[in-house]
Amino acid sequence: MSKNAVINLDGKDIELPIIEGTEGEKAIDIRKLRAESGYITIDSGFGNTGSCESTITFIDGAKGILRYRGFTIEELTEKCSFEKVIYLLMYDKLPTDDELSSFNEDLKKYSTIDNDLFKSLFSSMPKDAHPMSILSAALSVLSTHESENLNPLDPAQVDIAAKKLMAKIPLIAAASYKYSKGEEFNVSDSGLNYTANFLHLMFSNGSDKYDLKPAVETVMNKLFVLHADHEQNCSTSAVRFVGSSQANLFASVVAGVNALSGPSHGGANQKVLEQLQSICDDGGDASKFIAKAKDKADPFRLMGFGHRVYKNFDPRAKLIKQSCDEVLNVLGLNDPLLNVAKELSQTALNDKYFSDRKLYPNVDFYSGIIYKAIGFPVEMFTVLFAIGRLPGWITQWKEMHAVDNRIGRPRQIYSGENERSL
Ligand code: SDX
């Protein structure tokens, strides 16, 4: 295959290198284009533009494949704890037992927060403040107490900052939930692993310890693993972009939290549940909502459906759907929303509008059913996504610094007024 692409601009041939990845993906490297031709490219939404080369995550959108560091999510969710996947992503290696044990000890060491500090922070917000806004504010406040771990160019400081973020985000999430219920904050139980401790922080109430069912811990571990990374999605790109200005890791992660909160991205899991509930309340007839989603005059979209990259079933949705039935059975629940979801998905998948546009259920379509069954309030769903995605954000931010941390600064084509006088 030719190593160069040749484009002819204004009668001049411009040769641009072709890059091929380890999975056969190809790109035209346009880094010399402007210098050699004066032209730039434009691609609003960046649907056709690569921002980097990366060794972290591979997605094949046509085949519905997702791998972290070469391992499939099917195998990782079967065989690995969330902590092991965090380690694999962050350090680009599967940990030995000793390495994982030492990593977990560090996370436990940092698994504390200043309750008074966060109570005063939460009290400054409206009672119905959205948990993603609370998380964004809390992580910024956290960074003000970490001045010795903010240098983005010092690997030792970055490692401590990364571990503190991973260790403290469950505490902050649970504390905001407890505050909203007027309950005392729980403290970490060092005898529990990461996921079990988070469920304890959320649902224990003082001496009344949470009755942790193995199936619930297993499915939460699986959900965290499935959300851990997803190459250059909107929030990860925000983390990389903000980090490229040499903003510290906390500030870059806060950008990711805010990007994830949008209903087109991580906020969709909350919207899916609200949408399913509306269908349920409306008598359970999905066809009305399908018609709205197809109506170009109506901004309504079927939440949890469609994806920029997957033009096949999102492999995460498949795995999460399997777990829905398992968890509801274990908890002895029969949630009508699951039946509505299944009927909605089937109706849409049989509809030409969706099949023509290759719109399939994505990661957000079924996850909320499980979160609801476990007892999480719907407003917390996107925070759960953020906890899962945090290791991916950190890993991608570290790779940006390691490979090319020049400040991100796209160009534009000006289409406004030419020079004129007042
Ligand atoms: C996540 O990028 C990632 O990797 C994200 C994520 C991750 O792990 O980080 O996977 C997590 O964000 C999943 C997506 C969650 N969002 C939703 O479920 C919201 C509903 N979905 C859509 O808003 C939409 O599908 C997006 C935002 C996910 C993708 O949008 P694109 O790629 O910009 O697609 P598009 O808007 O260009 O749509 C193409 C066509 C359009 O119709 P036409 O103009 O061709 O006639 O498909 C239609 C759209 O109107 N369409 C939908 C639809 N999604 C796309 N129509 C109805 N309902 C939908 N959900």
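The values are calculated or read from the model by the stated rules, or taken from the named source; none is laboratory data. Note that the structure is predicted; figures quoted are calculated from it, not measured. Methodologically, a virtual Cβ is constructed for each residue, glycine included, from the backbone with ideal geometry; neighbour enumeration extends over all protein chains shown. The protein model used for the area step is the full one, side chains on, heavy atoms only, and it has no ligands, DNA or RNA in it. Shrake-Rupley method; radii C 1.70, N 1.55, O 1.52, S 1.80 Å.
Considering only the range 322-338, state which residues are assigned to a helix (DSSP H, G or I) and under 15 Å from A215 (Cα atoms).
Q322, S323, C324, D325, E326, V327, L328, N329, V330
Inside the range 231-285, can you point out the residues that are away from the ligand (no atom under 14 Å from the Cβ), of a type in the set (D, E) and either surrounded by 20 or more Cβ atoms within 10 Å (Cβ to Cβ) or in a loop (DSSP other than H, G, I, E, B) (or both)?
Listed by number, the residues that qualify are D282, D285.
State all residues of the range 24-65 that are without any contact (Cβ under 8 Å) to a residue 40 or more places away in the chain and among the basic types (K, R); if no residue qualifies, say none.
K26, R31, K32
For the range 142-195, enumerate the residues that are in a loop (DSSP other than H, G, I, E, B) and over 30 Å from K209 (Cβ atoms).
Across the range 142-195, the qualifying residues are E146, L150, N151, P152, L153, D154.
Looking only at the range 32-90, how many residues end up being surrounded by fewer than 16 Cβ atoms within 10 Å (Cβ to Cβ), in contact with a Lys or Arg (Cβ under 8 Å, 6 or more places away or on another chain) and of a type in the set (V, I, T)?
2
Just one of the numbered conditions (1) in contact with a helix residue (DSSP H, G or I) (Cβ under 9 Å, 6 or more places away or on another chain); (2) farther than 24 Å from G368 by Cβ; (3) polar (S, T, N, Q) is not true of T218; which one?
So the condition that T218 fails would be (2).
What is the one condition in (1) small (G, A, S); (2) open to solvent by 70 Å² or more (accessible area, probe 1.4 Å); (3) in contact with a helix residue (DSSP H, G or I) (Cβ under 9 Å, 6 or more places away or on another chain) that S140 does not satisfy?
Just one mismatch for S140, condition (2).
Answer with yes or no whether P336 is open to solvent by 40 Å² or more (accessible area, probe 1.4 Å) and near the ligand (Cβ under 10 Å from one of its atoms).
no
Within the range 203-214, identify whether any single residue is touching a residue at least 40 places away in the same chain (Cβ under 8 Å), more than 27 Å from I59 (Cα to Cα) and surrounded by 21 or more Cβ atoms within 10 Å (Cβ to Cβ), and answer yes or no.
Scanning the range 203-214 turns up no residue that is touching a residue at least 40 places away in the same chain (Cβ under 8 Å), more than 27 Å from I59 (Cα to Cα) and surrounded by 21 or more Cβ atoms within 10 Å (Cβ to Cβ).
Among the residues of the range 286-333 satisfying the criterion of being open to solvent by less than 50 Å² (accessible area, probe 1.4 Å) and among the acidic types (D, E), which is farthest from the ligand (Cβ to nearest atom)?
The selected residue is D298.
Based on this model, can you work out whether S244 counts as in contact with a Gly (Cβ under 9 Å, 6 or more places away or on another chain) and of a type in the set (S, T, N, Q)?
Considered against the rule, which asks whether it is in contact with a Gly (Cβ under 9 Å, 6 or more places away or on another chain) and of a type in the set (S, T, N, Q), S244 comes out as yes.
Out of the helices (runs of 4 or more DSSP H) lying entirely within the range 339-422, which hold 3 or more residues that are in contact with a helix residue (DSSP H, G or I) (Cβ under 6 Å, 6 or more places away or on another chain), open to solvent by less than 80 Å² (accessible area, probe 1.4 Å) and more than 13 Å from the ligand (Cβ to nearest atom)?
Those helices (runs of 4 or more DSSP H) span 364-374, 381-403.
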